[in-house]
Structures are given as C-alpha cells and as structure tokens.
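A.B. asks: I have a structure I would like to understand better, so I am pasting it below and will then ask my questions one at a time.
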Amino acid sequence: MLYSKKVMEHFRNPRNVGEMPDADGIGEVGNAKCGDIMRMYIKVKDGIITDVKFMTFGCGSAIATSSMATELIKGKKIEDALEISNKAVVEALDGLPAYKLHCSVLAEEAVRAAIVDYYEKNNIAYDKAKYAPHAEN
C-alpha cells in the first residue's frame, strides 16, 4: 500500500479544518512545483497554542500532513511547537512516500510561519535566521 492508514485517515477525515477570523498568527506557505498551498491559523493564550486551524489546497499528502501538524501543536507551548519537525509529522503519520516528503516540510513551515506572524504582531523578539523558511527543494 502506498499510503499508511494514518495518512488515509487524516486525508479522509482531516482534523482542525477551517478558517479562524480572530487568529493570533497566520502562516501561509506554498510550493510552486506541486501546487500545494497551506494556511495555518493559531490562537495563543499565555504562550500556549490553544487552538489551531488549517486550510490546504493540495494533494492528499498535503492535507494529511497539515492535519497531523495541527494535532501535534495544539495545546503545546509555542517553543515546543517550533521544535516540531517535518520528520515528526511523517513519523506521526507512519511514513510518507519519498516523493511526498515535501508536503511534511510545508506543514512544518506553515506552523513556523504562523508562529513568526504571532511574534511579529506582538513585537516578540525571535531569532529570524533560525525560523527562516527552508530553501526550495
């Protein structure tokens, strides 16, 4: 089977889908080569991500990785959410085909972009070099 049961489950029944008009941070990333676009919304209270939503235009792997990324960061401290890597997303989904790994990178970048947006809106200092997007593959 090409995709794990978890990938199929998150594709068919994605968690935390939707827009968040009152988001504290919004991150949007995309990959021009494959056409996937992810927008991640976060709500933050006392340094904790209390709510997260996403809207993704893309393939099943893009939707599944977005869904899993929201599950991994919800309820976490911002600092902990920033440490969640694309590898953690792939592991939580029990793997992805090699040619779909870029979707997990987009999910990681969408999380980081939403947190950076939150930092910038609230004038919170952060290491800009550390949270720069990955180079295009």
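A.B. asks: Read through the list (1) within 26 Å of Glu9 (Cβ to Cβ); (2) of a type outside the set (Phe, Trp, Tyr); (3) in a helix (DSSP H, G or I), then give the number of the only condition that Glu120 fails.
C.D. replies: With respect to (1) within 26 Å of Glu9 (Cβ to Cβ); (2) of a type outside the set (Phe, Trp, Tyr); (3) in a helix (DSSP H, G or I), Glu120 is out only on (1).
A.B. asks: For the list (1) under 15 Å from the mean Cα position of the chain (by Cα); (2) crowded, with 18+ Cβ neighbours inside 10 Å, I need the number of the one condition that Ile37 fails.
C.D. replies: (2)
A.B. asks: Let me ask something additional. Being buried (at least 18 other Cβ atoms within 10 Å of the Cβ), without any contact (Cβ under 8 Å) to a residue 60 or more places away in the chain and of a type in the set (Asp, Glu): is that true of Glu108 here?
C.D. replies: Spelling it out, Glu108 is indeed buried (at least 18 other Cβ atoms within 10 Å of the Cβ), without any contact (Cβ under 8 Å) to a residue 60 or more places away in the chain and of a type in the set (Asp, Glu).
A.B. asks: Kindly evaluate Lys87 against the criterion of being among the basic types (Lys, Arg) and farther than 19 Å from Leu2 by Cα.
C.D. replies: Here the answer is no, as Lys87 does not meet what is asked.
A.B. asks: To continue, here is another question. Report, ordered by the first and then the second residue, all pairs with beta carbons closer than 6 Å, sequence separation of six or more or different chains, a first member in segment 84-100 that is farther than 14 Å from Thr70 by Cβ, and a second member that is assigned to a helix (DSSP H, G or I) and of a type in the set (Lys, Arg).
C.D. replies: Final answer for the pair search is Asp94/Lys6.
A.B. asks: Scan segment 120-137 and report the pairs whose first residue is under 19 Å from Ala23 (Cβ atoms) and whose second residue is modelled with pLDDT of 90 or more and among the aromatic types (Phe, Trp, Tyr), with Cβ atoms within less than 9 Å and a gap of 6+ or a chain change.
C.D. replies: Ile124/Tyr118; Tyr126/Tyr119; Tyr131/Tyr119
A.B. asks: Just to be sure before I move on: is Val7 in contact (Cβ under 8 Å) with a residue 12 or more places away in the chain, in contact with a Leu (Cβ under 6 Å, 6 or more places away or on another chain) and assigned to a strand (DSSP E or B) in the structure I sent?
C.D. replies: no
A.B. asks: Return the residues of segment 66-92 that are more than 17 Å from Val17 (Cβ to Cβ), touching a helix residue (DSSP H, G or I) at 6+ places or on another chain (Cβ under 9 Å) and not acidic (Asp, Glu); say none if nothing qualifies.
C.D. replies: Selection gives Ile78, Ala81, Leu82, Ile84, Ser85, Asn86, Lys87, Ala88, Val90, Ala92.
A.B. asks: Are any of the residues in segment 65-73 surrounded by fewer than 18 Cβ atoms within 10 Å (Cβ to Cβ), in contact (Cβ under 8 Å) with a residue 24 or more places away in the chain and within 14 Å of the chain's Cα centre (by Cα)?
C.D. replies: yes
Listed here are the residues, each with its yes/no results for (1) crowded, with 17+ Cβ neighbours inside 10 Å; (2) in contact with a strand residue (DSSP E or B) (Cβ under 6 Å, 6 or more places away or on another chain); (3) closer than 16 Å to Tyr131 by Cβ.
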| site | (1), (2), (3) |
| --- | --- |
| Ile78 | yes, no, yes |
| Lys87 | no, no, no |
| Ala98 | no, no, no |
| Tyr118 | yes, yes, yes |
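A.B. asks: Taking only segment 113-131 into account, find how many residues are modelled with pLDDT of 95 or more and among the charged types (D, E, K, R).
C.D. replies: Counting residues in segment 113-131 that are modelled with pLDDT of 95 or more and among the charged types (D, E, K, R) gives 3.
The values are calculated or read from the model by the stated rules, or taken from the named source; none is laboratory data. Everything numeric here is computed off the predicted structure, so don't read it as measured data. Neighbour counts are summed over all protein chains in view; Cβ atoms, including those assigned to glycine, are modelled from backbone coordinates with ideal geometry.
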